[in-house]
Structures are given as structure tokens and as C-alpha cells.
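First the structure, then my questions, so here it is.
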Amino acid sequence: MARHSLLLLAAAILAAAVVAASGCSPSDREALLGFRQALNEPYLGLFNSWTGSKCCVNWYGVSCDAATGRVTDVNLRGESEDPIFEKAGRSGYMTGKLSPAICGIDTLTTLVVADWKDISGEIPACITSLSSLRILDLIGNKFSGEIPSDVGRLNRLTVLNLADNTIAGKIPTSITQLTSLKHLDLSNNLLTGEIPKNFGNLAMLSRALLNRNQLTGSIPVSISKIYRLADLDLSMNRLTGSVPFELGKMPVLSVLNLDSNSFKGLIPESLLSNGGMGILNLSRNGFEGSIPDVFGSHSYFMALDLSYNNLKGRVPTSLASAKYIGHLDLSHNHLCGSIPVGEPFDHLEASSFGFNDCLCGNPLKTC
């Protein structure tokens, strides 16, 4: 029995020595070279280091598991403080496509090909076979096509960043199966259709950025079930309907951007009375009625923007009791009456209240 254990130990040591000598799994090296062949980086020479067999040691942006010698990370950022970029005095630029060859590295946990400006083509469907993947970051390129429909297979994914591309189609319903996801950024694409109804299944999500797309439909009420969600940006879409009052009951939500949509109805009181809400932008919609008079000493807004709506009535007197209001914009509505007097208003300019029906008082004309 002891002899058998010694043999196993010797075999393990020998395997580790082989890994150390080769510096890279041959299959991983082949996959990396296929990935590299589909890309062109003309200015910085980042891929000049991708020679020889030791891809785990000297290849730029590649990291491996020390024990197995398998590639775990491919991290290539076009916006970086790396000395290579500083010496060149420029950000990165790369053309080409994301080769399916990268899917041959089944141990990959991080794939970052970000901010290269001109990498195009579709996201390979085989990406969803990388079951160990935790970070997928392809921001700042020209990827097109659609998000792979079975993206939900990546059940270990914590970061999905596809922002600033030209990705079209609908948000796949399977995305709601990514129950480990913490950061989702699909902003500035060409996405259409509705936000999946079961979006609230993303229980670990802290940031959801879906702004600057062409999304339609209403806000799913299920979003309010995401306990950890702190930042929700749905601005610059084509969303309609009313805003669920449940959003104002979310315990961690501090940034909510819903501007530049087609929302209607009343502003939920819960959004304005939530003491944790620090940035609220509801501008450029069709909100009606009066501004809820629910502010108080708990109110601390770094920015509150209700401009370009159809709001009527008076500026709430309770606003004067707010602990802090950094930026306030109530312009381009149908408000009337005197502007309340109080410390939160002392630093505000006339532009915060302009283009209403009959507002008066400091900083506007005297009543």
C-alpha cells in the first residue's frame, strides 16, 4: 500500500515537472494560436511574445493554473495602464474576429477582449460551452449578431460585459439562469424586444446596465426581487408603461436611471421617499400628476432629475427639509407657485426650474 502511494506521488511530481518544462498544455497553445491568427494588432506588438512553447510564462495577457499548466485567463484590454501602452502613448487598436478556437480551452475562467475598437463579427456560439467561465468582457468593439441564445449555460459567470458594440436581437430568456451573475452590462448596443419577465431570478446581481438600446415593453416587476441590486440603468430605450412602485422598496438600490423612455403615469412615491436613493433620473418621459411631497431629513440626492415631463402643481415644500440635494432639475414641466426656501435650494441656479408654467421665487423672479 505504501509502495503504491509512493508511486502515485512520484507520478504526480513527474507530471508537474513536465508541466513546468513545457510551460503550456499543447492543446491550449494550439487554441491560443488559432485565436491569435484571427486578430491583427498593428501598433503595440502585444502578440510578439506569443512564441515558443511556454505560453504560461511569457505570453502577454495569458495566465495558467500553476498545478496543471492549463490556461485559465486570457486578459487583453485596449485601455490599460500597462507600460507598453504608456510607452507607445496610445490606446489599443485591433481588427479581426473572435475565433471559435478559443473554445478549445475548456479550463478558461476569464476571457477579456475589451476596448480594441474594431474587432468585429459575431460572438462564437461555442463560448457557452466554457463551463468554467466566470468573466466574459468584450466591451468596446464592433461585435455584431446576437447574444448566444444558450448563454444561460454559463452558470458560473459573475461578469458579463458586452457594452459598446453593435449586438442586435433580443436579450435571451436563458440569461435569467445566470444565478451567479453580479455585473451585467449590455449598454450601447442595438438590442430590441422586452426585458425578460424573470429578470428577477438574477439574485446576485448588483449592477444591471441595459441603457442605450432599443428595448420595448415595461419594466418587469420581478426586478424588485433582486435584493443586492444597487445600480439599474434602463435609460435611452423605448420602454413604456408605468414604473413599478416596488422599485422604491428595494433596500440597496441607490442609482436608478430611467430617462429618455416613454414612461407615463404618476411618479411612485416610494422612489422619492427611499432614503437610500442617491441618483434618480426620470427625465424625458411622460410622467404626469404632481411631484410627491414625501421628502425629509432622510433624503440625500446627489442628483434628482425630473425634467422634460408633464408634471403639474407645486414644488414640494418637503424638499426644503432634505439633508442634501446636489443637482436638481425640475425644468421643462408645468409646475407653478413659489419655490420653497431652504438650504438645499441655496446653491441651485435658475436652470433647475426654467421652462415651467408659473414658478417664482429665488433663484427665479420674485413672486
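Counting DSSP beta bridges in the chain, what percent are antiparallel, to the nearest 5?
The answer is about 10 percent antiparallel.
I would also like to ask the following. Just to be sure I understand, if you calculate volume of the Cα convex hull per residue in Å³ for this structure, which of (i) 170; (ii) 191; (iii) 148 do you get?
Among (i) 170; (ii) 191; (iii) 148, the one calculated here is (i).
For the stretch 78-147 and the stretch 261-279, write down the distance between their C-alpha centroids in whole Å.
If we compute the Cα centre of each part, the gap is 37 Å.
Tell me, what % of the accessible area of the chain is carbon and sulfur with a 1.4 angstrom probe?
So the carbon and sulfur contribution to the accessible surface is 53 percent.
Taking 7 Å along the Cα-to-C-beta vector as the label spot, tell me the residue 60-residue 206 distance in nanometres, rounded to one decimal.
Label at residue 60, label at residue 206, 3.1 nm between them.
Tell me, what is the per residue accessible area of the chain in Å², probe radius 1.4 Å?
Per-residue accessible area for the chain comes out at 45 Å².
Count neighbours as other Cβ atoms within 10 Å of each site's Cβ, and list the chymotrypsin sites (Phe, Trp or Tyr not before Pro) in the stretch 190-281 that are DSSP loop with at most 16 such neighbours.
Hits after loop and neighbour filter: 227.
Once the Cβ-Cβ distance between residue 48 and residue 190 is put in as r, and R0 is 35 Å, what FRET efficiency do you end up with, to the nearest 0.05?
The pair residue 48/residue 190 has a calculated efficiency of 0.50.
Hey, rough spin-label estimate for residue 327 and residue 37, points 7 angstrom out along Cα→Cβ, what's it come to in nanometres?
With each label point 7 Å from Cα toward Cβ, the separation is 5.0 nm.
Distance cut-off 21 Å, Cα to Cα: go down the list 264/312; 117/170; 197/225; 117/197; 225/249; 197/312 and report the pairs above it.
117/170; 117/197; 197/312
Same structure again: By how many degrees, 0 to 90 and rounded to 10, does the Cα axis of helix 2-22 deviate from the longest principal axis of the chain?
So the helix axis and the longest Cα principal axis differ by about 70 degrees.
Over the chain, what is the mean sequence separation of C-alpha contacts under 8 Å (at least six apart), divided by residue count, expressed as relative contact order in percent?
7
What residues qualify as long-range amide H neighbours of residue 195, i.e. H under 5 Å apart, gap of 5 or more or another chain, H built at 1.01 Å from N?
Residues meeting the amide H criterion: 216.
Using the crude model of +1 on Lys and Arg Cβ and -1 on Asp and Glu Cβ, and no other charge, please compute the dipole size for the stretch 83-167 relative to its Cα centre, in debye to 20.
Charge dipole of the stretch 83-167: 160 debye, to the nearest 20.
The values are calculated or read from the model by the stated rules, or taken from the named source; none is laboratory data. Model, not experiment: these values are computed from the prediction. Glycine gets a Cβ as well: all are built from the backbone with ideal geometry, and neighbour counts include every protein chain shown. Please note that ligands, DNA and RNA were not included when accessible areas were found on the heavy atoms of the full protein model with its side chains. Shrake-Rupley method; radii C 1.70, N 1.55, O 1.52, S 1.80 Å.
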